[in-house]
Amino acid sequence: MNCSHESKDLKPCTSERSVANLKYKFKTKRCGSCQAVLWSKEIDTDFHQWLTKQKKSFRNRFVLQKIQINQDLVSFAEELASSRCTNVSSVYQAALACYFVFAPKHEGWREVLDEAKAESTSPSTLISKLDVNPSMFLEIEANSKLFDMTNSAVASWAIGHVLQVALEAKTAIDQEVRNFVDAALAA
Ligand SMILES: [Zn+2]
């Protein structure tokens, strides 16, 4: 629906947005014509500051649990981590950043990642806990709602597919995915 939210139609209101079962309450305006609750740049900045504070106070809320990845990919992630003298969680975090932050900015990347055959016959391993930053958590949660999946299932999908593409590195885009993950580990 195209509504220009004319200023004469705007009414002050309070609204809330929830992340990790934490509620962010904010004052804004509602458009009386289309009922949209307006979200401004200022609210967005305030929201992200609030998120950072929540991460400090409620660290355990931003942890993903029971992520499932097949054993070949776990071995590959461990290799990448050891070649960069870092821990394997960093590889998984880099894979999430690749899928949710980097890929959407590059045409065709999501398609390549989503089409990867990451559900192999090799047994899968459970990553019991993975700490993620609040903005990443927000992305994952938005996708869980959109696709009616759990946060862990969304994270398992994203990590598995990025690592599968990086492992095979068959095309130029695949190689760039691998370079992205590698560069994120070196940072
Ligand atoms: Zn409107």
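Classify segment 99-187 from the C-alpha gyration tensor, please: rounded if a/c falls under 1.5, else prolate or oblate depending on whether a/b exceeds b/c.
Numbers: a/c = 1.43, a/b = 1.24, b/c = 1.16.
Since a/c stays below 1.5, the shape of segment 99-187 is classed as rounded.
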Could you give each residue of segment 16-26 its phi-based ³J(HN,Hα) in whole Hz, using Karplus coefficients 6.51, -1.76, 1.60 with θ = phi - 60°, and x for Gly or Pro? 8, 9, 10, 9, 6, 6, 10, 9, 9, 9, 9
Cα long-axis angle, helix 151-168 against the chain (0 to 90 degrees, to the nearest 10): 40 degrees
Using amide H atoms built 1.01 Å from N in the peptide plane, name the residues 5+ places from L10, or on other chains, whose amide H lies under 5 Å from its own. G32
I want the local charge near K11. Using Cβ-Cβ distances under 9 Å, sum +1 for each Lys or Arg and -1 for each Asp or Glu among the other residues. +1
Under the Karplus curve 6.51 cos²θ - 1.76 cosθ + 1.60, θ = phi - 60°, whole-Hz ³J(HN,Hα) for segment 74-84, x wherever Gly or Pro sits: 5, 4, 4, 4, 5, 4, 4, 4, 6, 5, 10
HN-Hα couplings for segment 135-146 via Karplus (6.51, -1.76, 1.60; θ = phi - 60°), in whole Hz with x for Gly/Pro, come out as 5, 5, 4, 4, 4, 5, 5, 4, 5, 4, 5, 4
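With N residues in the chain, what two-decimal value do you get for its Cα radius of gyration over 2.2 N^0.38 Å?
Details: Rg = 19.3 Å, N = 187, 2.2 N^0.38 = 16.1 Å.
Computed over Cα atoms of the chain, the ratio equals 1.20.
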With Cα coordinates, the longest principal axis of the chain makes an angle with the long axis of helix 41-57, in degrees rounded to 10, of 50 degrees
Counting other C-beta atoms within 10 Å, which of I127, I69 has the fewest, and how do the rest follow? I127, I69
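So for segment 7-57, Kirkwood radius off the Cα pairs, Stokes-Einstein at 4 °C and 1.567 mPa s: how many µm² s⁻¹?
Values: Rh = 11.9 Å.
It comes out at roughly 109 µm²/s.
Since every read-out is calculated from the coordinates, none of them should be taken as a lab result. What you see is a predicted model, and the numbers here were worked out from it, not measured in a lab. Ideal geometry is used to build each Cβ from the backbone, glycine not excepted, and the neighbour counts take in all protein chains shown.
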